[in-house]
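Worksheet: the structure to be examined is printed underneath.
The values are calculated or read from the model by the stated rules, or taken from the named source; none is laboratory data. Since we're looking at a predicted model, the values are computed, not measured. All Cβ positions, glycine included, derive from the backbone under ideal geometry; neighbour counts span all protein chains shown.
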Amino acid sequence: MATELRRFTISITQSMEADLDMAKKEKYYKGTQNDMIRDLICRGLATLKAEEEAGSKERRESA
């Protein structure tokens, strides 16, 4: 059974663990912890991309 998913390990602080536990209970209660982490990573990457694009637009407009 092949999968496109790759495994990796991360270390988190105690406060991050508390925040993740809260998110799991409040928003991601129907899914797995892995699904939650993947969603949070995707959202973070999308935010970074949007910020980068906004910065590029600001630089073009000020030029």
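Assorted remarks:
- Members of the range 1-30 found to be surrounded by 10 or more Cβ atoms within 10 Å (Cβ to Cβ), among the charged types (D, E, K, R) and assigned to a loop (DSSP other than H, G, I, E, B), listed by number: K27
- R38 being assigned to a loop (DSSP other than H, G, I, E, B) and either acidic (D, E) or out of contact with any Leu (no Cβ under 7 Å at 6 or more places or on another chain) (or both): no
- Contact map, the range 34-58: residues that are among the hydrophobic types (A, V, I, L, M, F, W, C) paired with residues that are in a helix (DSSP H, G or I), Cβ distance under 6 Å, separation 6+ or inter-chain. Pairs shown: M36/K24.
- Only one of the numbered conditions (1) out of contact with any helix residue (DSSP H, G or I) (no Cβ under 8 Å at 6 or more places or on another chain); (2) at pLDDT 90 or above; (3) of a type in the set (A, V, I, L, M, F, W, C) is violated by A63, and that is (2).
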